[in-house]
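Undergrad: Before we start, here is the structure in question, set down as structure tokens.
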Amino acid sequence: MAMEDEQQTTRPLGCFSSRLSCWNCEKAMYLRWLYKCRQYVTRKRRLRRYIILASVACLLVLVLAWTSSYDSLSMNHFAASKYVPRNDFAGQMITKPMYVSQLESLIEARNSFVQSSDAIAIRTHKPIAESTPEWLKDYILLNRNRSVPYIRYVCPRSGNCGGVGDRISGILQAFYMGVCTNRRILIEWYSPAPLQDYLTPNCIDWIATQEEASREATLVDLIDQANSKYMVNPSLLPDGNIDLLINVWLEESFMRETYTCLRHVDISSSLYRTAFWTLFQWSPAVERATQLFRQSSLSNKNYLALHVRTGRGASFHDPFTESSEEKAWQVYLKCAQKMQRLYSQRFVSTNATREPSTLLPIFVTADTNEVKLALQKLDTSVVTTSSDAEIYHIDRTVPSRLHHPKAALLQVWVDLKLLVDCTCIVMSTGTKHGLPSKFSRMAMWLPPQPRCAVLWHDCEVNGVVEAAIENIGSHA
């Protein structure tokens, strides 16, 4: 009995002790599991950090490798082309230091008189030609009253305004919006360089004074807004001064029907050309650079022009252009050669021989120097500006990738003037829809009409080139 009592008294104690030891074991297992979980999370975080650091390091290596390869390719290209003749047709060699230094010296020596008070007075009181239409005379006189509210085309210093064609289109559209709302026209274009370095005021002084620049104005954004109510009816614009972001040019037929202020304008005159030459004239730097090139390479007064846009420049990329293959370049050249041959038959000789003495030179401007050199090898009548001048596409080029951005930018406007002055032009496409690039369209619209111009992929259509050549005779 005593033994049984002892067992009964000790059993509960033994049971309690067993449960306590089990609880301690579970607690230890839980703590051990928790410790392993923390170790796992810590390792995972470290691994994630290592992956991020490795990715960043790889990205930096790729960027550095790409930059160094670009620099080496650029320097190799310049070194290779340094002593290559500019073209066989002109027979003159201009090396990189000479040509680039010529352009840069013209930029540095640009007419500082443009910014002076005397120049503003001369532009303000410039005589108006007697042949100027009455509506245009009234608008020019309106712009000489500095107290009148203005509509100012604005291209921020940060850019994002489009290329030359986009910007000029917006300016000329703003011009007619100013005509219809009795506002003066001002232009603020400082990116990547002031517009007055390349185009100076002609009949209207569009450079804002400091006092005008400080005035309050309502900002209206019409970038890619061709259907905006303000585009259809400018009278709906807010009252007072307007700062306008715009890159759209409406069809002239639509403007003549919709803008009541233009219904009395002579239908035979181009609205685009009228506005451009009312606002602008070539700057001394552009005039002089063009003159130097023509003296050295275009002894003939008449010449054909070929604008090639591949979208594959060394300092930019344009995904919308579809003519980057070499086969397309050859189609461009064949179109120009057909135009060259037909012009010779029509105006120079009665035979179709390809003798250099009877053929007009073909001036080629392109967005890559490789295209220029390739076309020169295919045809000795091809003339280009020096391949030592780098390519600058205003809305896509990264200036830091260029060795001489100022010279490259001046070359853009020299190329445009050469396209405008040519006898006949083969235009490039600028969008995925196959429409002419705005740069080519400027060269088509600015000279007197009708203009000899053909889109490169229309050359094979029967009668297109022939009709373009006939346009030369109609206003020769």
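The values are calculated or read from the model by the stated rules, or taken from the named source; none is laboratory data. No experiment lies behind these values; they were computed from the predicted model shown. Don't worry about glycine lacking a Cβ; one is built from the backbone with ideal geometry, like all the others, and counts go over all protein chains shown. Heavy atoms of the whole protein, side chains included, go into the accessibility calculation; ligands, DNA and RNA do not. Shrake-Rupley method; radii C 1.70, N 1.55, O 1.52, S 1.80 Å.
Undergrad: Mind telling me which of the residues Thr258, Thr350 ends up being modelled with pLDDT under 80 and open to solvent by 40 Å² or more (accessible area, probe 1.4 Å)?
TA: Selected residue: Thr350, the only one of Thr258, Thr350 that is modelled with pLDDT under 80 and open to solvent by 40 Å² or more (accessible area, probe 1.4 Å).
Undergrad: Of the residues that make up segment 417-436, is at least one closer than 19 Å to Tyr343 by Cα, over 16 Å from the mean Cα position of the chain (by Cα) and open to solvent by 30 Å² or more (accessible area, probe 1.4 Å)?
TA: For segment 417-436, residues closer than 19 Å to Tyr343 by Cα, over 16 Å from the mean Cα position of the chain (by Cα) and open to solvent by 30 Å² or more (accessible area, probe 1.4 Å): present.
Undergrad: Then there's this: If I go through segment 429-460 residue by residue, how many of them are at pLDDT 90 or above and assigned to a loop (DSSP other than H, G, I, E, B)?
TA: Residues in segment 429-460 being at pLDDT 90 or above and assigned to a loop (DSSP other than H, G, I, E, B): 3 in total.
Undergrad: What number of residues in segment 266-304 are more than 26 Å from Val248 (Cα to Cα) and open to solvent by less than 30 Å² (accessible area, probe 1.4 Å)?
TA: So the answer is 9.
Undergrad: With respect to Arg152, is the statement that it is among the basic types (Lys, Arg), open to solvent by less than 30 Å² (accessible area, probe 1.4 Å), touching a strand residue (DSSP E or B) at 6+ places or on another chain (Cβ under 8 Å) and part of a strand (DSSP E or B) true?
TA: yes
Undergrad: Restrict the check to segment 232-253 and report whether at least one residue is in contact (Cβ under 8 Å) with a residue 40 or more places away in the chain, open to solvent by 60 Å² or more (accessible area, probe 1.4 Å) and assigned to a helix (DSSP H, G or I).
TA: Yes, segment 232-253 contains a residue that is in contact (Cβ under 8 Å) with a residue 40 or more places away in the chain, open to solvent by 60 Å² or more (accessible area, probe 1.4 Å) and assigned to a helix (DSSP H, G or I).
Undergrad: Restricting attention to segment 165-212, which residues are in a loop (DSSP other than H, G, I, E, B), in contact with a Phe, Trp or Tyr (Cβ under 9 Å, 6 or more places away or on another chain) and of a type in the set (S, T, N, Q)?
TA: Asn182, Asn202
Undergrad: Taking Val454 as the residue in question, decide whether it is buried (at least 22 other Cβ atoms within 10 Å of the Cβ) and either farther than 18 Å from Met339 by Cα or touching a helix residue (DSSP H, G or I) at 6+ places or on another chain (Cβ under 8 Å) (or both).
TA: So Val454 passes the test.
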